[in-house]
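Asker: Starting off with a structure, shown below.
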Amino acid sequence: MTLADWGIVLARVVLPPLILPAIVIPLVWYERRVAALIQDRHGPNRVGPFGLLQSPADILKLFMKEEVVPSSVDKLLYYLAPAVAVTAALATFAVIPFGATLEAGGRRIPLIGADVSIGVLYVFAITSISVYGIVLAGWSSNDKYSLMGGIRSSAQIISYELAMTTAAAGVILAAASFRLTDVIAMQEGTFFGFIPRWNVFLQPLGFLIFFTATFAETNRLPFDLPEAEAELVAGYHTEYSAMHFGSFFLAEYVNVIVSSALTTTLYFGGWSLPGFHPTGPLGVAASVLIFALKTAFFVTVFVWVRWTLPRFRYDQLMRLGWKALLPLALVNLFWAAALEMLRARG
Amino acid sequence: MTARIFFDAFAALAIVFAGIMVVTRHPVRSVLSLVVSFVGLAASYVTLGAPFIGVLQVIVYAGAILVLFLFVLMLLNLDRPPAERGGRPVQAFLGGLGAIVFAAMLLGALRGSGTALPAAAPVPPDPLSLGEPASLARVLFGEYLLHFEAISVLLLAALVGAFVLARRESRV
């Protein structure tokens, strides 16, 4: 491998984790503006044009603020928890293809961190690691509200992981591969000449279950019981302040982006569009833009749902996960298998 | 060569944190050391050309089983273990004996294998190697189908057993 090859590998690995947090800054502003729109008020509109500089100002403030650490915390784990949360959130993006293959200077550069044969499983593995960030925050804070939040969160994430994995198994079955580039490749083309060949049309139930479960996995409303303000002050991050609090905030928003990107990839054809065959740098740029727009759509749904639906009660959450979503995900798996048998018979 | 360097680094990580897991007297930190050790082990599998085994190692052990361990420890609140240093001579003697026997076995096995450990797998890994999902599935659901089904029945029995025990507890 030459130096240029090493540079390309380094860029593919390092750039996404740098760009994602940068996207979070306008995303926070976007969420607050959409929330204001839904609630019929103005939202941040004073700092900079359209209030766009409000988020950078807030983040600057988070960095400058005094850090208040309770004396009874377990110091090592208390500082480790936000780092685990952010690392896990950023690491997931490594296997998601965010554009077509770029051909430049005699090299083929696939726009993906690592095109591994276990892509979907890798995402689930990292998701299961991300639980530790929240659980550790809850436990090390030595506070009953934090602990309750941490315990709720781990129970919730483990419960919804089952439904999410089983729903995604339908897509894996159809693609006959865990590789996310293969999942995108199988979704190229159309049905009847005008409907895109996306998995959402083949497995609509699977998509609904998967997308619902991602809300629970990211601890967003209506499943934000780990930080339910009315009951737990702020849940697992009650005892955190300044940028350590900000880290959990960052992790949540990165998780929203990554979940949207994953939904796009599994069910909406990723960067591909029917009849679109990217060639040259411009085509590749267009594919990245398509991917970004599709992802932005689901991010908007995340925001929209947050300001529309009230929070579930905990028993409702558990009942929905185990008694509704998991059996339905199994139904979807049989449906996917039946479709696959029909296709194999021609 | 690169794979070998990464393999050594992750193997060292797994061994060091396994040691910390044994030595530390703090139950929660002990579980977390085991998590790091398992992740190191998983990464070693990946460098050996078995990514599927590696990712299962993380999902099953680090992700599911150890979270439940942590759950129980946090609820029991065992953060102040009683200091028992040298209080149990019989256990200390048997433990020491076990360690010596194990070390002897390990040395014997290493000497029997002749030279040093075999070199790590080349990158990119062979798509037909056993660590890749497709080839593993072919073996698991072909040649070893009966064994696979037998184990799943065993797991089901364990599941039902756990359920029965838990129910009995709650009724009393």
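The values are calculated or read from the model by the stated rules, or taken from the named source; none is laboratory data. This structure is a prediction, so every number in the text was calculated from the model and none was measured. Methodologically, a virtual Cβ is constructed for each residue, glycine included, from the backbone with ideal geometry; neighbour enumeration extends over all protein chains shown.
Asker: Go through segment B:46-59 residue by residue and tally those that are crowded, with 21+ Cβ neighbours inside 10 Å and more than 11 Å from chain A (Cβ to nearest Cβ).
Answerer: Total satisfying the criteria: 1.
Asker: Go through the residues of segment A:112-123 one by one and say whether even a single one is charged (D, E, K, R) and within 24 Å of residue A:318 (Cβ to Cβ). Break it down stepwise before answering.
Answerer: So the first thing to find is which residues in segment A:112-123 are charged (D, E, K, R), and the list is A:115.
If we keep only those that are within 24 Å of residue A:318 (Cβ to Cβ) as well, we get none.
For segment A:112-123, residues charged (D, E, K, R) and within 24 Å of residue A:318 (Cβ to Cβ): absent.
Asker: I'd like to verify a number: residues in segment A:93-119 that are buried (at least 23 other Cβ atoms within 10 Å of the Cβ) and within 11 Å of another protein chain (Cβ to nearest Cβ), how many?
Answerer: The total comes to 3.
Asker: A further question on this structure: Which condition does residue A:153 not pass, out of (1) modelled with pLDDT of 85 or more; (2) under 17 Å from the mean Cα position of the chain (by Cα), if it passes all the others?
Answerer: Exception for residue A:153: condition (1).
Asker: Would you mind finding the one in B:62, B:42, B:14, B:3 that is more than 21 Å from residue A:137 (Cβ to Cβ), among the small types (Gly, Ala, Ser) and crowded, with 21+ Cβ neighbours inside 10 Å? Break it down into steps so the answer makes sense when it comes.
Answerer: Details: B:62 fails: more than 21 Å from residue A:137 (Cβ to Cβ); B:14 fails: crowded, with 21+ Cβ neighbours inside 10 Å; B:3 fails: crowded, with 21+ Cβ neighbours inside 10 Å.
Testing whether each residue is more than 21 Å from residue A:137 (Cβ to Cβ), among the small types (Gly, Ala, Ser) and crowded, with 21+ Cβ neighbours inside 10 Å leaves just B:42.
Asker: Next question. The conditions are (1) under 20 Å from the mean Cα position of the chain (by Cα); (2) free of Cβ contacts under 8 Å to residues at least 12 places away in the same chain, and residue A:334 fails exactly one of them. Which is it?
Answerer: Answer for residue A:334: the failing condition is (1).
Asker: Please specify each residue of segment A:143-153 satisfying the condition of being facing chain B (nearest Cβ under 9 Å) and surrounded by fewer than 23 Cβ atoms within 10 Å (Cβ to Cβ). Before you say what the answer is, go through the steps one by one.
Answerer: Within segment A:143-153, the first condition is being facing chain B (nearest Cβ under 9 Å), and the residues that meet it are A:147, A:150-151.
Once the filter is applied, which keeps residues that are facing chain B (nearest Cβ under 9 Å) and surrounded by fewer than 23 Cβ atoms within 10 Å (Cβ to Cβ), segment A:143-153 yields only A:151.
Asker: Here is a follow-up. Quick one: residue A:164 ticks every box in (1) within 19 Å of residue A:265 (Cα to Cα); (2) modelled with pLDDT of 85 or more; (3) within 12 Å of another protein chain (Cβ to nearest Cβ) bar one, so which box is it?
Answerer: The failed condition is (3).
Asker: Turning to a different aspect of this structure: Could you pull out the residue among A:80, A:90, A:15 that is surrounded by fewer than 16 Cβ atoms within 10 Å (Cβ to Cβ), hydrophobic (A, V, I, L, M, F, W, C) and either modelled with pLDDT of 85 or more or more than 22 Å from residue A:238 (Cα to Cα) (or both)?
Answerer: Values: A:80 fails: surrounded by fewer than 16 Cβ atoms within 10 Å (Cβ to Cβ); A:90 fails: surrounded by fewer than 16 Cβ atoms within 10 Å (Cβ to Cβ).
Of the residues listed, the single one that is surrounded by fewer than 16 Cβ atoms within 10 Å (Cβ to Cβ), hydrophobic (A, V, I, L, M, F, W, C) and either modelled with pLDDT of 85 or more or more than 22 Å from residue A:238 (Cα to Cα) (or both) is A:15.
Asker: Of all residues in segment B:132-150, which are assigned to a helix (DSSP H, G or I) and in contact (Cβ under 8 Å) with a residue 24 or more places away in the chain?
Answerer: Of everything in segment B:132-150, those that are assigned to a helix (DSSP H, G or I) and in contact (Cβ under 8 Å) with a residue 24 or more places away in the chain turn out to be B:133, B:136.
Asker: Out of the residues in segment B:4-24 that are within 14 Å of chain A (Cβ to nearest Cβ) and farther than 22 Å from residue B:51 by Cβ, state the one that is modelled with the highest pLDDT.
Answerer: B:20
Asker: While we're on this one: Give B:19, B:40, B:63, B:49 a once-over and let me know the one that is touching a residue at least 60 places away in the same chain (Cβ under 8 Å) and out of contact with any Cys (no Cβ under 8 Å at 6 or more places or on another chain). Full working, then the answer.
Answerer: Details: B:19 fails: touching a residue at least 60 places away in the same chain (Cβ under 8 Å); B:40 fails: touching a residue at least 60 places away in the same chain (Cβ under 8 Å); B:63 fails: touching a residue at least 60 places away in the same chain (Cβ under 8 Å).
Sole residue among the options that is touching a residue at least 60 places away in the same chain (Cβ under 8 Å) and out of contact with any Cys (no Cβ under 8 Å at 6 or more places or on another chain): B:49.
Asker: In segment B:22-41, how many are part of a loop (DSSP other than H, G, I, E, B) and of a type in the set (Ser, Thr, Tyr)?
Answerer: In the first step, residues of segment B:22-41 are kept if they are part of a loop (DSSP other than H, G, I, E, B); the result is B:24-26.
Still in the running and of a type in the set (Ser, Thr, Tyr): B:24.
Final tally of qualifying residues: 1.
Asker: Which numbered condition in (1) within 14 Å of chain B (Cβ to nearest Cβ); (2) out of contact with any Ser or Thr (no Cβ under 8 Å at 6 or more places or on another chain) is the only one that residue A:200 fails?
Answerer: It fails just one condition, (1).
Asker: Now for a separate question. Return yes when residue A:131 is more than 20 Å from residue A:8 (Cα to Cα), facing chain B (nearest Cβ under 8 Å), buried (at least 23 other Cβ atoms within 10 Å of the Cβ) and under 16 Å from the mean Cα position of the chain (by Cα) and no when it is not. If you could, list the steps in order and put the result at the bottom.
Answerer: Details: more than 20 Å from residue A:8 (Cα to Cα): yes; facing chain B (nearest Cβ under 8 Å): yes; buried (at least 23 other Cβ atoms within 10 Å of the Cβ): yes; under 16 Å from the mean Cα position of the chain (by Cα): yes.
Taking the combined requirement at face value, the residue satisfies it.
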